[in-house]
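Trainee: Below you'll find the structure I mean.
The values are calculated or read from the model by the stated rules, or taken from the named source; none is laboratory data. Given the structure is predicted, the values throughout are model-derived calculations rather than measurements. Cβ coordinates were reconstructed from backbone atoms using ideal geometry, including for glycine residues, and neighbour counts include every protein chain displayed. Note: areas computed on protein heavy atoms with side chains; ligands, DNA, RNA excluded. Shrake-Rupley method; radii C 1.70, N 1.55, O 1.52, S 1.80 Å.
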Amino acid sequence: MAVLALLAAGVASRAQPAPTPAPAAGAPVWQARLPAFDEPTYAREVEALISAFEHSTGRKLVPGPKGRVGLKIYTDSGPGMATPVPLVKAVISALERRGFATKSIFLVGLNQLRLRMTGYLPSLVTGKSPFDGHPIYVLESGRYYDPVWFYDSPLPQRFDPIFAEQQTKDFSNTSTRDEDRKSFLATPLFLDADFWINLPVYTDHAMLGVNGALVNATLWNASNTARFFRSPANAPAAVAEMSAIPELRQTWMFTITSLEHYQFIGGPFFNSLYSASEPLLWLSTDPVLLDAMARARIDALRKRNGFEPISEEIRTLEFAETLGVGSTKIKQAKIIDVGA
């Protein structure tokens with residue numbers, strides 16, 4: 001794909017769009033090492049990363065006018081490849097120490113069943129979860145989309161973006177063509193919160209290349225997006241354009257991700273035979289750079305195991321870089337080690 005062919009996109013809003021934040025390109029990656037994947041270790045290293053970020057940028061993670069903060073988690077590959085619960089608990093504890101009330105820290109996920117299977121929603125047996133007291137917004141319920149905030153492109157067909165093949169096999173599409181061309185954005189993260197934090201997990205993806213920071217913030221944060229997977233060119237362009245929406249970027253504080261588990265082939269369906277683990281925790285305001293670093297690891301593992309690298313025709317990260325969302329230049333990345 002020699003030319004960047006972007007989709008015609010628009011975002012409707014109640015007010016004038018906020019000015020686009022400065023490009024994330026050139027932002028450092030703060031890195032901590034995890035001698036264990038337990039709660040005390042995550043708590044210590046997350047605090048070290050956030051403190052380093054605050055000290056370096058001057059941005060404090062404290063309550064603002066809205067007094068709320070959102071956490072975008074990933075559970076859509078199911079048990080074994082979800083945002084680690086100890087990581088989320090560590091981020092919550094760090095936010096509570098900075099003045100956020102428990103009820104003011106909310107979690108956002110896509111699918112109710114997988115949120116329950118991965119331990120985020122309360123168990124049907126005990127009625128308890130590690131996140132009692134924190135609102136959990138399930139996007140596929142349809143309750144958290146606003147009709148005036150949408151990404152518009154003429155690419156119909158609706159189905160679940162992860163388990164798409166069986167989702168609509170026995171169901172007819174009764175929506176209008178106008179409804180099919182819109183992907184509604186989940187507004188709690190950028191309308192109801194002072195800021196939000198992205199907490200992805202990394203897998204490969206046949207259409208997107210890397211399923212990570214950019215995708216968790218965009219396609220897995222909107223409705224009616226699996227229609228983009230009908231053509232290999234559509235999903236990467238949609239991810240790039242959605243990640244460049246000014247309102248989403250303005251409130252996106254940073255991405256923090258653990259390499260406790262990630263997958264190098266067969267994703268986004270979890271397969272333990274093709275998963276890997278490294279004792280690393282990353283924090284950055286540049287989601288493109290984080291995805292590029294993960295892509296390099298995925299490609300190295302593919303080569304080591306006799307598989308082809310991610311196709312160079314999948315230009316998700318390069319599209320986002322062109323729109324000023326971040327940098328793919330991992331050799332120029334500034335890695336700052338923090339913590340013990």
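Trainee: Got a number for carbon plus sulfur as a percent of region 294-340's accessible area, 1.4 Å probe? Before the final figure, lay out each step's value.
Mentor: Details: 1400 of 2920 Å².
Here it works out to 48 percent.
Trainee: Okay, moving on. Order Phe269, Phe319, most accessible first, counting only protein heavy atoms with a 1.4 angstrom probe.
Mentor: Phe269, Phe319
Trainee: Also, I was wondering about something else. How big, in percent, is the set of alpha carbon pairs in region 206-332 lying more than 26 Å apart? Before the final figure, lay out the partial values.
Mentor: Working: 1396 of 8001 pairs.
So the portion of pairs separated by more than 26 Å is 17 percent.
Trainee: Taking a ≥ b ≥ c as the square roots of the eigenvalues of the Cα gyration tensor of region 19-90, is the shape rounded (a/c under 1.5), prolate (a/b larger than b/c) or oblate? Please list the in-between numbers first.
Mentor: Values: a/c = 1.62, a/b = 1.38, b/c = 1.17.
Prolate.
Trainee: Rounded to the nearest whole Å², what accessible area per residue is found for region 188-331 with the 1.4 Å probe?
Mentor: Values: 4420 Å² over 144 residues.
Per-residue accessible area for region 188-331 comes out at 31 Å².
Trainee: Give the separation of the Cα centroids, region 51-77 to region 269-336, in Å.
Mentor: Taking the Cα centre of region 269-336 as reference, the centre of region 51-77 is 23 Å away.
Trainee: Quickly work out the Ala206-to-Leu191 label distance, labels modelled 7 Å from Cα along the C-beta direction, and quote it in nm with one decimal.
Mentor: Simple spin-label model gives 3.5 nm for this pair.
Trainee: Near Lys103, which lysines are there with a Cα under 19 Å away, not counting those fewer than 8 places off in the same chain?
Mentor: Lys66, Lys72, Lys89, Lys128
Trainee: Now, a different point. Tabulate in residue order the Karplus-calculated ³J(HN,Hα) for region 59-69, using 6.51 cos²θ - 1.76 cosθ + 1.60 with θ = phi - 60°, rounded to whole Hz; enter x for Gly and Pro.
Mentor: 9, 9, 8, 10, x, x, x, 8, x, 9, 9
Trainee: Could you pull out every residue, at least 5 positions away or on a different chain, whose amide H is within less than 5 Å of the one on Ile136? Hs are placed 1.01 Å off N in the peptide plane, and Pro or chain starts have none.
Mentor: HN-HN under 5 Å from Ile136: Leu107.
Trainee: State, to one decimal in nm, how far the label point of Lys103 lies from the label point of Lys66, with both points 7 Å from Cα in the Cβ direction.
Mentor: Label-label distance for Lys103 and Lys66, simple model: 1.8 nm.
Trainee: Same structure again: Could you tell me what a quarter of the Cα convex hull surface of region 292-340 works out to, in nm² with one decimal place?
Mentor: Convex hull of Cα atoms, orientation-averaged projection: 4.9 nm².
Trainee: Give me the number: length gained by fully extending Ala300 to Glu312, i.e. 0.36 nm times residue separation minus the C-alpha to C-alpha distance, one decimal in nm.
Mentor: On the way: separation 12, 0.36 × 12 = 4.32 nm, distance 1.44 nm.
Extra length from Ala300 to Glu312 when fully extended: 2.9 nm.
Trainee: Shifting gears a bit: In Å², what does the accessible area per residue of region 78-128 work out to with a 1.4 Å probe?
Mentor: Numbers: 2020 Å² over 51 residues.
Per-residue value: 40 Å².
Trainee: For Tyr262, what charge total do you get from the other residues with a beta carbon under 15 Å from its beta carbon, if Lys and Arg give +1 and Asp and Glu give -1?
Mentor: Numbers: positive: Arg295, Arg297, Arg302, Arg304; negative: Asp76, Asp204, Glu260, Glu278, Asp291, Asp299.
Around Tyr262, the surrounding residues sum to -2.
Trainee: Can you tally the net charge around Val288? Count Lys and Arg as +1, Asp and Glu as -1, for every other residue whose Cβ sits under 11 Å from the Cβ of Val288.
Mentor: On the way: positive: Arg295, Lys329; negative: Asp286, Asp291, Glu318, Glu321.
Every neighbour counted, the sum reads -2.
Trainee: For Thr126, tell me the accessible area in Å² from a 1.4 Å probe, rounded to the nearest 10.
Mentor: 90 Å²
Trainee: Using a cut-off of 14 Å between beta-carbons, work out the net charge of the residues near Arg97 (Lys and Arg +1, Asp and Glu -1, Arg97 not included).
Mentor: Numbers: positive: Arg44, Lys60, Lys89, Arg98; negative: Glu47, Glu54, Glu96.
After counting each charged neighbour, the total is +1.
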